[in-house]
């Protein structure tokens with residue numbers, strides 16, 4: 001989803017983000033929870049922005 005919305009999220013960058021997330025999940029406990037929360041927030045914000053712009057029929061700006 002992020003690669004569709006944001007041009008700066010290349011396959012390489014997404015792979016790095018997901019590799020880092022996986023490493024944090026293996027650690028477990030609070031580290032894993034914080035990493036998962038961060039990942040969900042990043043994807044969730046992007047998804048909500050895309051949905052809003054599609055509903056309005058406008059173009060989707062880059063997410064900061």
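The values are calculated or read from the model by the stated rules, or taken from the named source; none is laboratory data. Quick caveat, the model's predicted, so the values are computed rather than measured. Glycine also receives a Cβ, built like all others from the backbone with ideal geometry; neighbour counts cover every protein chain displayed.
Structure values in brief
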read-out: Some residue of the range 27-37 being exposed (fewer than 11 other Cβ atoms within 10 Å of the Cβ), modelled with pLDDT under 80 and either touching a strand residue (DSSP E or B) at 6+ places or on another chain (Cβ under 9 Å) or not in a helix (DSSP H, G or I) (or both); value: no
read-out: Residues of the range 1-26 classified as modelled with pLDDT under 70 and out of contact with any helix residue (DSSP H, G or I) (no Cβ under 8 Å at 6 or more places or on another chain), total; value: 2
read-out: Residue 62 being loosely packed, with under 14 Cβ neighbours inside 10 Å and modelled with pLDDT under 70; value: yes
